[in-house]
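Colleague: Provided herewith is a single structure, encoded as structure tokens, for subsequent inquiry.
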Amino acid sequence: MKINLIHLIRIVRHGWKNIWLHKLRSFLTVLGIVFGVASVIAMLAIGEGASYEARKMIESLGSNNIIIRSVKLPSDAKTQQASTLGVYGLTDRDFRKLETIPSVVKIIPAWEMEEDVWCYGKTISARIIGTLPEYKDVMNLSIKTGRYFDEVELQKSEPVAIIGSTVRTSLFPVEDPIGKTIKIKSSYFKVIGIAGEKVFAGASESFMAEDANIAVYIPLTTTRLFFGEYEVKRGPGGVSSWERNWVQYHRFILQVAETDKILTTASLISDVLSQTHKKQDYQIIVPLELLRQAEKTKRIFNIVLGSIAAISLIVGGIGIMNIMLAIVTERTREIGIRRAVGAKKRDIINQFLTESVILSASGGIIGVLLGILIPRIVTKFAGMMTLITPWSVLLSFTISVAVGITFGIYPARKAADLDPIQALRYE
Amino acid sequence: MNQNNNQIIRFEEITKVYHLGKDIDIPVLRGVSCEIKKGEHVAIMGPSGSGKTTMLNIIGCLDKISSGKYFFEGKDISSFDDDALSEIRSKKIGFIFQSYNLIPQLTVLENIEMPLFYQQVDEAKTREKAIKLAHMVGLEDRIKHRPSELSGGQQQRVAIARALMNDPVLILADEPTGNLDSVSGKEIMNLLCGLNEKGTTLIVVTHDANIAKYAGRVLKMLDGRIANEN
Ligand SMILES: Nc1ncnc2c1ncn2[C@@H]1O[C@H](COP(=O)(O)OP(=O)(O)O)[C@@H](O)[C@H]1O
Ligand SMILES: [Mg+2]
């Protein structure tokens with residue numbers, strides 16, 4: 001039987017009236033669908049947001065890079081007496097050996113320290129990073145104003161610095177920092193550039209990337225000249241509790257020629273370093289591998305989420321079916337009357353199926369609104385990034401409609417198959 | 001057989017058996033043959049349980065027969081399927097029941113409109129016609145009311161208006177005055193007879209001899225058979 005659109009609209013209007021007649025019952029019935037849909041959208045948004053952050057972060061390390069970090073082993077800290085000299089991490093020897101690996105195009109070393117940066121009485125604790133000019137490109141650093149230091153400044157060990165955006169706002173709230181002088185320990189540096197603000201923060205710090213916003217970049221040769229190769233960690237007591245370590249490099253960033261060679265290169269690096277390092281005082285980070293892992297985690301997360309969602313939607317659907325069966329019984333006589341005045345089985349099916357779809361779709365709509373609201377609350381109060389994808393909204397709403405059809409078809413069939421005579425007699 | 005085209009209904013040896021359980025058969029109609037002409041007013045009388053309602057439901061294409069042949073407007077509809085029978089009810093027949101059978105959550109007007117809903121007739125036209133019929137049965141000021149707010153006689157008038165919505169050729173009334181006082185009953189019968197005078201075939205089941213008096217012909221049923229015709 002053909003149903004034209006106008007007639008369909010009338011059926012929907014009639015159905016809506018019947019559902020509205022029992023507001024509370026209808027509302028309670030659709031709660032299962034509401035929570036099912038809301039949790040799908042909200043959890044996907046939270047998962048999507050987390051993985052987006054992780055992905056952005058990992059991508060900022062460069063998917064063609066391998067990063068090696070010096071790691072201070074905890075056992076060292078125990079055996080080491082206060083104010084004695086510890087030695088750990090990557091060395092010049094490592095640098096020269098790693099350079100010989102054919103698939104490694106370039107190695108950019110970095111030396112770091114946590115230190116107070118001063119300017120006209122203002123101060124901020126920042127991460128001082130001594131490195132090469134290429135660091136900027138490899139780490140996707142953007143320069144908002146001014147410029148990065150160049151090869152000449154590196155060669156001449158010039159006292160120049162590029163400051164992160166947080167450092168800038170702390171030290172130079174109003175004035176233009178370019179050309180101004182900042183003081184680190186007892187040395188003075190001229191500010192020549194300001195790094196662009198990086199939006200992702202928080203979670204990224206637990207990873208290997210520095211928070212570019214509170215970093216100060218200076219030429220590696222300059223750090224050598226002014227600060228040597230010592231790292232001083234201030235303990236809780238006086239100078240005697242300070243911990244001094246001799247560290248040549250804190251980080252190597254290795255550019256690999258082809259993405260395909262990343263994994264083999266990583267294992268080569270591991271071999272090379274294990275020959276010279278007795279303890280594993282380094283960590284090899286393969287961003288590409290992390291990216292793959294993040295994606296795998298997300299897939300598993302989605303499967304778990306999908307199962308939870310499926311269960312809650314099935315439960316919601318059973319709730320709808322239950323109420324529809326009750327409604328059919330309750331309105332048995334009405335069904336008989338409608339059949340007597342000429343309704344076909346198909347008409348009865350349409351009527352009750354429409355009601356169950358209206359129920360589930362209303363649940364879906366409320367669920368969508370709730371599902372959009374929850375991630376906003378999470379972002380506001382937990383500071384987590386959330387990302388609502390249009391497809392998750394579309395998908396969960398579609399599923400809610402499908403649930404209405406699936407679980408509404410049986411009660412509707414039952415209604416249509418009632419014997420009109422019996423239905424008319426029903427008390 | 002003489003297929004007279006002013007004949008609306010012909011029953012040939014119709015039986016109706018209800019099956020209860022495996023081998024309990026309850027014969028309700030035991031071979032009924034009769035003819036009803038277009039425009040006739042027929043009353044069906046008989047004691048309770050004699051099969052009057054069953055016969056009326058079969059005439060109205062609501063119930064299926066067990067054996068025999070049923071001709072409606074000259075067509076053998078004994079083997080029609082559910083959709084085809086629904087179509088006949090929708091286009092040709094108006095039902096009136098003893099217990100009114102209005103839908104409680106709908107207004108008077110919505111109840112009257114219902115038959116045309118299933119013919120997918122335009123909404124404005126449907127409304128116009130329903131209001132006209134409400135006028136005709138004297139309920140124009142009650143169209144927004146729910147059935148429960150009306151008296152029995154008023155409810156039955158709503159049912160008559162509903163039965164007229166599809167311009168039926170045949171009106172079937174099963175004890176239409178059974179729940180009414182004699183004054184309301186009279187009003188209802190006057191309405192129905194008025195329709196019959198305009199040419200609609202009318203079949204009324206009753207066990208009230210006063211009601212049967214309105215009819216041109218009375219079929220007396222006894223134990224699933226037509227006992228005598230006068
Ligand atoms: N669904 C059914 N199952 C079994 N017996 C039925 C059913 N419907 C009606 N009957 C029986 O059929 C007989 C005739 O019923 P009915 O046509 O309603 O009689 P009337 O209208 O003349 O009082 C009754 O004995 C009744 O018990
Ligand atoms: Mg009866």
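Colleague: Give the A-B buried accessible area in Å², both sides summed, 1.4 Å probe, nearest 100.
Modeller: 2600 Å²
Colleague: Then there's this: Name the residues of segment A:322-363, by number, that are at least 40 Å² less accessible with every protein chain in place than in the isolated chain; the surface is that of heavy atoms, probe 1.4 Å, without ligands or nucleic acids.
Modeller: A:333, A:337, A:338, A:339, A:340, A:341, A:342, A:344
Colleague: If each DSSP helix of 4+ residues adds -39,500 (n - 2.57) and the sum is divided by the residues in chain A, what number results at 222 nm, nearest 500 deg cm²/dmol?
Modeller: -18500 deg cm²/dmol
Colleague: To continue, here is another question. Where is the GNM fluctuation largest for chain A (alpha-carbon springs, 10 angstrom cutoff): A:326, A:266, A:215?
Modeller: A:326
Colleague: Tell me, what is the FRET efficiency for residue B:66 and residue B:167 to the nearest 0.05, using R0 = 30 angstrom and their Cβ-Cβ distance as r?
Modeller: It comes out at approximately 0.40.
Colleague: So for the pair residue A:23, residue A:346, with labels modelled 7 Å out along Cα→Cβ, what separation do we get in nm?
Modeller: Once both label points are built, they end up 3.7 nm from each other.
Colleague: Sticking with the crude label model, points 7 Å out along Cα→Cβ, report the distance from residue B:77 to residue B:213 in nm, one decimal please.
Modeller: My value for the distance between the label points is 3.3 nm.
Colleague: Hey, what do the phi angles of segment A:326-336 turn into as Karplus ³J(HN,Hα) couplings, whole Hz, using 6.51/-1.76/1.60 and θ = phi - 60°, x for Gly and Pro?
Modeller: Once rounded to whole Hz, the list reads 5, 5, 4, 4, 4, 10, 3, 4, 4, 4, x.
Colleague: Round to the nearest 0.05 the FRET efficiency obtained for residue A:389 and residue A:283 when R0 = 41 Å and r is the Cβ-Cβ distance.
Modeller: 0.75
Colleague: So what's the net charge close to residue B:122: Lys and Arg +1, Asp and Glu -1, counting the other residues with Cβ under 12 Å from its Cβ?
Modeller: Summing Lys/Arg as +1 and Asp/Glu as -1 gives +1.
Colleague: Lys and Arg at +1, Asp and Glu at -1: add these up for the other residues within a Cβ distance under 13 Å of residue B:10 and post the number.
Modeller: Around residue B:10, the charge tally is -2.
Colleague: Consider a paramagnetic label point 7 Å from the Cα of residue A:183 along Cα→Cβ; state which residues of segment A:103-127 have an amide N under 18 Å from it.
Modeller: Inside the label zone: A:115-126.
Colleague: In addition: What FRET efficiency comes out for the pair residue A:71/residue A:143, r = Cβ-Cβ distance, R0 = 35 Å, nearest 0.05?
Modeller: The formula returns an efficiency of 0.70 here.
Colleague: Sticking with this structure for a sec: For the protein assembly as shown, what does the accessible surface come to per residue with a 1.4 Å probe? Please give it in Å².
Modeller: 47 Å²
Colleague: What distance in nm separates the simple spin-label points at residue A:260 and residue B:84, each placed 7 Å from Cα in the Cβ direction?
Modeller: Simple spin-label model gives 7.2 nm for this pair.
Colleague: Using a 7 Å offset from Cα along Cα-Cβ at residue A:402, what residues in segment A:315-358 end up with backbone N under 14 Å from the label point?
Modeller: Under cut-off, by backbone N: A:317.
Colleague: What's the center-to-center distance, using Cα atoms, between segment B:63-104 and segment A:240-299 in Å?
Modeller: 84 Å
Colleague: Here's something else I'd like to know. Roughly how big is chain B's charge dipole about its Cα centre, with Cβ charges of +1 (Lys, Arg) and -1 (Asp, Glu), in debye to the nearest 20?
Modeller: 340 debye
Colleague: Then there is this: Per the 1.4 Å probe, what fraction of the accessible area of the protein assembly as shown, in percent, lies on carbon and sulfur atoms?
Modeller: On the protein assembly as shown, the fraction of accessible area on carbon and sulfur atoms equals 58 percent.
Colleague: Follow-up. When the dipole is taken about the Cα centre of chain A, and only Lys, Arg (+1) and Asp, Glu (-1) are charged at their Cβ, what size is it in debye, to the nearest 20?
Modeller: 1920 debye
Colleague: Where does helix A:262-276 land angle-wise versus the long Cα axis of chain A, in degrees 0 to 90, nearest 10?
Modeller: That helix lies at roughly 40 degrees to the long axis.
Colleague: Still on this structure, I have one more. Place a point 7 Å from Cα of residue B:15 in the direction of its Cβ. Which residues in segment B:206-229 have their backbone N less than 14 Å from it?
Modeller: Within reach of a label on residue B:15, which here means backbone N under 14 Å from a point 7 Å along Cα→Cβ, segment B:206-229 contributes B:224-225.
Colleague: If I fit a long axis through the Cα atoms of helix B:182-197 and take the longest principal axis of the Cα atoms of chain B, what angle between them do I get, 0 to 90°, rounded to 10?
Modeller: 80 degrees
Colleague: Take the alpha carbon gyration tensor of chain A, find the square roots of its eigenvalues, order them as a ≥ b ≥ c, and report rounded if a/c is under 1.5; if not, report prolate when a/b exceeds b/c, else oblate.
Modeller: Prolate shape, in that a/c is at least 1.5 and a/b is the bigger ratio.
Colleague: Right, another one. When the chain is fully extended, how far beyond the present Cα-Cα distance does residue A:16 get from residue A:422, taking 0.36 nm per residue of separation?
Modeller: Stretched out fully, the residue A:16 to residue A:422 stretch lengthens by 143.5 nm.
Colleague: Classify segment A:292-426 from the C-alpha gyration tensor, please: rounded if a/c falls under 1.5, else prolate or oblate depending on whether a/b exceeds b/c.
Modeller: Because a/c hits 1.5 or more and a/b exceeds b/c, segment A:292-426 counts as prolate.
The values are calculated or read from the model by the stated rules, or taken from the named source; none is laboratory data. Just so we're clear, the structure is a prediction, and the values are computed from it rather than from any experiment. Note that we place each Cβ from the backbone using ideal geometry, even for glycine, and neighbour counts take in every protein chain shown. Only protein heavy atoms, including side chains, enter the accessible area calculation; ligands, DNA and RNA are left aside. Shrake-Rupley method; radii C 1.70, N 1.55, O 1.52, S 1.80 Å.
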